[in-house]
Amino acid sequence: MTQKNTPKAKAVMVRALFANAFRALGRTEKAIVFFLLAIIFISGTILSYNFWVRHTVVAPAKGGVLTEGVIGNPRYINPILAQTNEADLDLVKLVFSSLFAFNSAGELVSDAAESYTLSDDKKTYTIKIKNNIRWHDGKPLTAEDVLFTVKAIQNPAYKSPLRANLSGIEVEKTGDYELRFSLKSPYEPFLQNLTFGILPAHIWQAISAENTPLAQYNTKPVGSGPYEFDSIEKDKSGKIISLRLTANNKYYNRPPFIEKIVFKFFNNEESLADALEKNQVDSTSYLSTKGASQLKRADLRSYAFKTPRYFAVFLNPEESKILADKNIRIALNYLTDKNKLVDEFLKGNGQKVETPIPPALKESSFQTKIYNFDQPYANTILANSGWKADSDSWLIKEIKEKIRDRKTGKTSEVVKEKIPLEFTLTTGDSPEFKKLAEVLQNQWQKGGIKVNLNFLNPAEIQSAIKERDYEALLFGEIINLNPDPYIFWHSSSIKDPGLNLAVYSNKNVDKELEDLRQTFDQDKKNALLAKFQADVVDDAPAIFLFSPYLNYSAANNLKGVEEKIVTLSADRFNDISNWYLETKRVWKK
C-alpha cells in the first residue's frame, strides 16, 4: 500500500479540501456556516441533556460530612451505661446494633435479630441472630455477645440503668446464632426491652465490672452499627470537644450514604446556637422551642418530630385533702386552657393531651371525656360543692355546726371553720418549668383557687418524687412506643420505684393494666387501652397538658430526613441510612 492511500493520508486530503473550500467562501458565507454549526452544536447539546434528564433521576450518593451540635459531653459511649446522658445516647445509637429497634413510624422491627418464635405458653422467646454481622474490628457478632450483654445488664456490679428491664429474665445460648429468653409470666411488650445496644464480648469480658466505667472503649467504642469510631479531639484539660464517626461500609443493612458525622460538644444552648448561626455546625436537636425560633440562618430547615412524652399535673390526694375531692380535680381540668398553653408556651410546637396515652401514639383514645376549657362551668361545679368567694375573691368553704340554745331550745347554725381552696404546685426550678407553673397558677387563680408555687432543684425534685412529698406535681413522663402504662398508673406503683405520681388507685384500672400485659391480640389490647384511658380520665387524678415536639434544625442540603415518632432525642437517627448530602443521576429503572 502506497502512503497516499493510507487512512492518515486520506484524512489530510479531506482537511485540505474543506480548508480550501472554506477559504473560497466570502465573509457572509463564512458567518452563515459558523451560525449553522453553532445551532447544530447547541441543538445536539440540548437534545442530549433532555434525553439524559428524561431517562435519569436524582439519587442519593455516598459522601459528605455532617457536623452535629450537642449540648454536653460523652462519657459512656456504652449501651449498658449510657441511659442518663443524651450525648452518649446519640453516639450509641449510631455505633451499636440491637436485636430489635423502632422505625420512623414507631413500629418495632428486627435489627440484628433475624427472626423469633414464641412458645405456646407465651413465656419463652427463641431468637435467631443474623449471621452476617461483623464488629467494626472485623470479628463476627454471635449469640455469645448478646448473652454477655444481657448478663452484664443484669449484674448489679455494672450498675446499668437497664437492669430493671431484664430483671427476672433467664437467658441461655442455644446455638452460635440463637438464644432463648424465659419469662416468669407472659409479658406482651417484652421485645421492646431488647432494643439495647449489644456489646462485643471479646473486648468487654476481659474487663471487670468495677473497671468498666474506666475503660478506654467507653470513649473509643467498638460496635457493629452503621457508623464506627474514627477519632476524638480533646482540649488541654482533657475534655472532649469533638468526635468523628465514619460510615461502616460493611454494615449488614444498607451502609449509610453520609461518609462522616462529626459531633461537636457545647456547654450550653447559647454557644450551640451561635455555632449554628456561624455555620460551624450543620444540625442539632438540642435547641429549645424558643432557641430554635430565634435562629436567623437562612439555609436551615426545622423538623418537628412527634414524641410519646407528655407533661401533666399529678394531684396527690394523700398530701392534700383539697385534691382528694374529685369535684375539685374536675374543676381544675376545666380551668386549664390547654390550647393557650400550646400556642403561647410551646409556640405551636406540640399538641394538647387529654389522656394518659399521648396523641402521637395510635393507641391514644379520643372516646373519653374531654375537659375543654370552660371557666363558667368550673365555677358552677365548685359552687355546687359548697365553695364560695370570700371578700378577696378566693374560694372558701364554710364548715358549720348546729348549736342549740339552752334557754330557748332553738337550734341555729354557726360557722365553725372556713377552709380555703388552696394547694401548692411543686415543679423543677428550670426557667421552662417556672414559666409553665406561673401560667397554670394564673389560669387556676382566675377561678378563685389559691395556688402556691414550690420550685426545687433536680436533686430536690427527685427526692420529692421518691417520697411523694408534694400536693400537686408538674412533671413529664415518657411512654414506650408500645404503650405499657402499668408502672405509671397501677396501684402497686404508688411507692418508689414505681412512677404512679398521682398516687392513684382504682381496682378496675389495675385489672385492665394487668390484663394488658398478658394480651397478645391487638384488638383486645386496643379495647383494654381505651377502657383504661376512659377510667383514668373520668377519675381526673391528673391534669394532662401537652406533648411537645422534638425540634431538629438542619441545613437544607441534608436530605432524606423523614418525619417520625421519637422517644428520645437519639431516635432522630432511626433512619440515618436514608440521610444524604451528595446526589448523582442514575438511569431510570
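The values are calculated or read from the model by the stated rules, or taken from the named source; none is laboratory data. Quantities reported herein were computed from a predicted structural model and do not represent experimental measurements. Every residue, glycine as well, gets a Cβ built from its backbone with ideal geometry; the counts of neighbours run over all protein chains shown.
Quick notes
- Answer residue from the range 413-462, given it is in contact with a helix residue (DSSP H, G or I) (Cβ under 8 Å, 6 or more places away or on another chain) and closer than 15 Å to W387 by Cβ and is surrounded by the fewest Cβ atoms within 10 Å (Cβ to Cβ) among those: K446
- Residue among L194, L199 that alone is within 15 Å of A112 (Cβ to Cβ), in contact with a helix residue (DSSP H, G or I) (Cβ under 6 Å, 6 or more places away or on another chain), crowded, with 19+ Cβ neighbours inside 10 Å and not β-branched (V, I, T): L199
- Residue within the range 229-247 that is in contact with a strand residue (DSSP E or B) (Cβ under 8 Å, 6 or more places away or on another chain), more than 13 Å from I77 (Cα to Cα) and buried (at least 18 other Cβ atoms within 10 Å of the Cβ) present: yes
- Matching entry among T368, T355 (being under 24 Å from L513 (Cα atoms), of a type in the set (S, T, N, Q) and either more than 22 Å from the chain's Cα centre (by Cα) or assigned by TED's automatic domain parsing to the domain that holds I71 (or both)): T368
- Flag for D88 being closer than 25 Å to E562 by Cα and of a type in the set (D, E): yes
Here's the yes/no breakdown for (1) aromatic (F, W, Y); (2) in contact (Cβ under 8 Å) with a residue 24 or more places away in the chain; (3) in the same structural domain as P431 (by TED's automatic domain parsing):
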residue: K239; (1), (2), (3): no, yes, no
residue: F257; (1), (2), (3): yes, yes, no
residue: S271; (1), (2), (3): no, no, no
residue: E277; (1), (2), (3): no, no, no
residue: L287; (1), (2), (3): no, yes, no
residue: K296; (1), (2), (3): no, no, no
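- Subset of the range 254-308 that is charged (D, E, K, R) and assigned to a loop (DSSP other than H, G, I, E, B) - its residue that is surrounded by the most Cβ atoms within 10 Å (Cβ to Cβ): D282
- Test: S547 is within 22 Å of R309 (Cβ to Cβ) and hydroxyl-bearing (S, T, Y): yes
- All positions within the range 335-390 that are among the β-branched types (V, I, T) and modelled with pLDDT of 90 or more: T336, V342, V353, T355, I357, I370, T380, I381
- Checking each residue in the range 202-241 for being within 23 Å of the chain's Cα centre (by Cα) and of a type in the set (S, T, Y) picks out S224, Y227.
- Meets criteria (part of a loop (DSSP other than H, G, I, E, B) and either touching a residue at least 60 places away in the same chain (Cβ under 8 Å) or not charged (D, E, K, R) (or both)) for A312: no
- For the range 557-589, taking the residues that are in a helix (DSSP H, G or I) and not acidic (D, E), the one that is surrounded by the fewest Cβ atoms within 10 Å (Cβ to Cβ) is identified as N578.
- The residues of the range 239-297 that are modelled with pLDDT of 95 or more and of a type in the set (S, T, Y), listed by number, are S242, T246, Y251, Y252, S271, S283, T284, S285, Y286.
- Any hit, the range 98-112, residues being surrounded by 17 or more Cβ atoms within 10 Å (Cβ to Cβ), of a type in the set (S, T, Y) and modelled with pLDDT under 95: yes
- Test result for N526, within 20 Å of E188 (Cβ to Cβ), modelled with pLDDT under 95 and buried (at least 17 other Cβ atoms within 10 Å of the Cβ): no
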